[in-house]
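Read the figures in this text as sums done on the coordinates, not as results from a lab. Fair warning: this is a prediction, and the values are worked out from it, not measured in the lab. Methodologically, a virtual Cβ is constructed for each residue, glycine included, from the backbone with ideal geometry; neighbour enumeration extends over all protein chains shown.
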Amino acid sequence: MNSCYPFENTPLPYAYDALEPYIDTETMHFHHDKHLQTYVDNLNRVLQNAAGLQKQSLAWLVKNWRTLPQAVQIPIRNNAGGVYNHRFYFEGMCPSGDSGNDCLLVQKIQAQFGSMQSFQKCFKEKALSVFGSGYAWLVLERGQLRIISTANQDTPLCCGQHPLLCLDVWEHAYYLKHQNLRGDYIDDWFSVVNWKKADARLQSVM
Ligand code: MN
């Protein structure tokens, strides 16, 4: 039912308060029920008038927006990207302590970055460096882990990169709780990363 048009705003995979005290309940309500809902509604509105695209998956739309008729390129880029990125972000978190940390991905991070601490330092620097709105990502590219960022609702799917984790650094993701302190939000996010999910994503592309 959510593999193509009409898309629905799938529920969070945990309760709204499940990520407290790191990500607050009110932010989760606004972020999922208002911000993500708007991307879902806008994407459906674009596809309503594009019958030829109604059978395409979200990932296909995100990957192929450049090939679409010019009138829908930017609306699809922004809104399919907005739905894809937010689902990826929400699914990449879980209540603190629920996540496995002895998985292949964690071993790979330790091998490539030296330690989890130095990985987190690199990831935080990348997330802090996003100017304006966007995301920081951990991706797999040609067998190697890479930390990258994207602007607005762009995704790494178009570039031969396999996303494993993403961190939404739009201000709406943290402003209610952390105000202007993006660094504190990034630190809190590390406490709720769903390593099991990220590891499953890694295993599925290796
Ligand atoms: Mn967001």
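According to the square roots a ≥ b ≥ c of the eigenvalues of the Cα gyration tensor, what is the shape class of the chain, taking rounded for a/c under 1.5, prolate for a/b larger than b/c otherwise, and oblate for the remainder? Prolate, because a/c is 1.5 or more and a/b exceeds b/c. Only Cα pairs under 8 Å and 6+ residues apart enter the sum, and on that basis the relative contact order of segment 78-179 stands at 29 percent. By the Stokes-Einstein formula, at 1.306 mPa s and 10 °C, segment 53-150 with its Kirkwood radius over alpha-carbon pairs has D equal to 101 µm²/s. Report note on the peptides 142-149, 130-137: ranked by the mean count of other C-beta atoms within 10 Å, highest first, their order is 130-137, 142-149. In a reduced charge model with +1 at each Lys and Arg Cβ and -1 at each Asp and Glu Cβ, segment 1-144 shows a dipole moment near 820 debye about its Cα centre.
Checking the cross-link filter: which lysines have an alpha carbon closer than 16 Å to that of K63, excluding same-chain neighbours under 8 positions apart? Filter leaves K55.
Go ahead and estimate [θ] at 222 nm for the chain from helices alone: -39,500 (n - 2.57) per DSSP H run with n ≥ 4, summed, over the residue count, rounded to 500.
Rounded to the nearest 500, the figure is -13500 deg cm²/dmol.
A straight line joining the Cα centroids of segment 1-20 and segment 170-197 runs 19 Å. What fraction of the Cα pairs in segment 99-154, stated in percent, has a spacing above 15 angstrom? It works out to 52 percent of all Cα pairs.
Extent of segment 126-174 along its three principal axes (Cα atoms, max minus min coordinate, largest first): 32, 17, 15 Å.
Across the options S191, V72, Y175, the greatest Cα extent toward the positive end of the charge dipole of the chain (unit charges at beta carbon of Lys, Arg, Asp, Glu) belongs to V72.
Placing unit charges on the Cβ atoms only, positive for Lys and Arg and negative for Asp and Glu, gives segment 105-161 a dipole magnitude near 160 debye about its Cα centre. Panel order for T67, T155, by other beta carbons found within 10 Å of each beta carbon, from fewest to most: T67, T155. Sorted ascending by nearby beta carbons within 10 Å, beginning with the fewest, M93, M206, M28 become M206, M28, M93.
Along the charge dipole of the chain, which of Q56, L105, Y89 sits closest to the positive end, that is, farthest toward it, with unit charges on the beta carbon of Lys, Arg, Asp and Glu (+1, +1, -1, -1)? Value: Q56.
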